[in-house]
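Below is one structure; the comments refer to it alone.
The values are calculated or read from the model by the stated rules, or taken from the named source; none is laboratory data. Bear in mind that the values here come from a model prediction, so they are computed numbers and not experimental data. Cβ: placed from backbone, ideal geometry, glycine included. Neighbour counts: every protein chain shown. Areas reflect the complete protein model, heavy atoms only, side chains present, ligands, DNA and RNA absent. Shrake-Rupley method; radii C 1.70, N 1.55, O 1.52, S 1.80 Å.
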Amino acid sequence: MLDKIDSRPEEGPPAPETSPIEVEDAETEDVLPSTLDPAFLFIILAALALFGLNNLAFEIRYTLLWTLLAVSGVIVLVIDKIALEPLTQRDVLVGLSISALIGLPVLAVGAAQLHRVSLDIFGKTSDAAVFQILAFTMPLAEGLYFRAALQGVRGPIFTGGAAGLWAILMFFPQLDVLNFPLPAAIIGLCLVFVNFLYSYLRHRFGFYTSWICQIGTNLLLLFVVRFI
């Protein structure tokens, strides 16, 4: 009698095990491990902005806070060796285009209100000094810390919220929030929105696109309006 032949297919090596959580959301930016967590530094800086330096003149307060922010950003970049891509022509064009797309309609609708906000935020500071702040000091400090250091570790959503909160803590002490709560709430929402926009641009196009967009938006909404 012929032996029965097993017709079952020969079994191969076992398939490698897969984890159910292996695919990262495409909309989530890759984050890097951090030796010095910039989120912890942000808590300290926010506490200083809210409680520690409110008794100082606003020019000194702005200078100290933006200086601490910039230095903290540089420290995180150096310790964690976070590299920034080189500046390209596309960064300039996209950054300026989006700042114009956002800033010009707002300027057309709310120039008078923005004029008042700019005067309240910067007081009797000369126009030349305000230009330096909006074009160099503020974008450099916030760009290095939030869009370079913090976003490289925590991602765009956390960074956008933190940067929006920082802007509110910086500027609200100069605004008459208690007597004008509705305008203050609108300004707060606008600050949060633009900072989420900067974080998105950092995620989508790169660091310098977000930086140039912030410079253009600052100048349109807080500097140009001083002459209207």
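Some points to look at:
- Gyration tensor verdict on segment 116-228 (Cα atoms; rounded if a/c is under 1.5, prolate if a/b is larger than b/c, oblate otherwise): oblate
- 14 Å beta-carbon shell around residue 95, net charge (K/R +1, D/E -1): +2
- Taking all protein chains together and a 1.4 Å probe, the residues 124, 81 rank 124, 81 from largest to smallest accessible area.
- Estimated FRET transfer efficiency (residue 104, residue 59; beta-carbon r; R0 30 Å; 0.05): 0.55
- Straightening the chain between residue 111 and residue 185 buys 24.9 nm, computed as 0.36 nm per residue apart minus the Cα-Cα spacing.
- Each residue was assigned an accessible area with a 1.4 Å probe, and for residue 170 the value is about 0 Å².
- Length released on extending from residue 226 to residue 50, taking residue separation times 0.36 nm less the Cα-Cα span: 60.7 nm
- Taking all protein chains as shown and a probe of 1.4 angstrom, residue 72 keeps an accessible surface of around 20 Å².
- Cα shape, segment 114-179, gyration tensor, a/c 1.5 rule: oblate
- Computed over protein heavy atoms with a 1.4 Å probe, the accessible surface of segment 159-200 works out to 48 Å² per residue.
- Potential extension, residue 176-residue 67 segment - 0.36 nm per residue separation minus Cα distance: 36.7 nm
- In Å², nearest 10: area of residue 226 left accessible to a 1.4 Å probe: 30
- Taken along the Cα-to-beta-carbon direction at a fixed 7 Å, the label points for residue 90 and residue 120 span 4.0 nm.
- 3J(HN,Hα) along segment 171-187, derived from phi through the Karplus expression 6.51 cos²θ - 1.76 cosθ + 1.60 where θ = phi - 60°, amounts to 9, 4, x, 8, 9, 7, 5, 5, 7, 10, x, 5, x, 5, 5, 5, 4 Hz, with x in place of Gly and Pro.
- Between residue 193 and residue 79, the modelled label-to-label distance comes to 3.6 nm, taking each label 7 Å out from Cα in the direction of the beta carbon.
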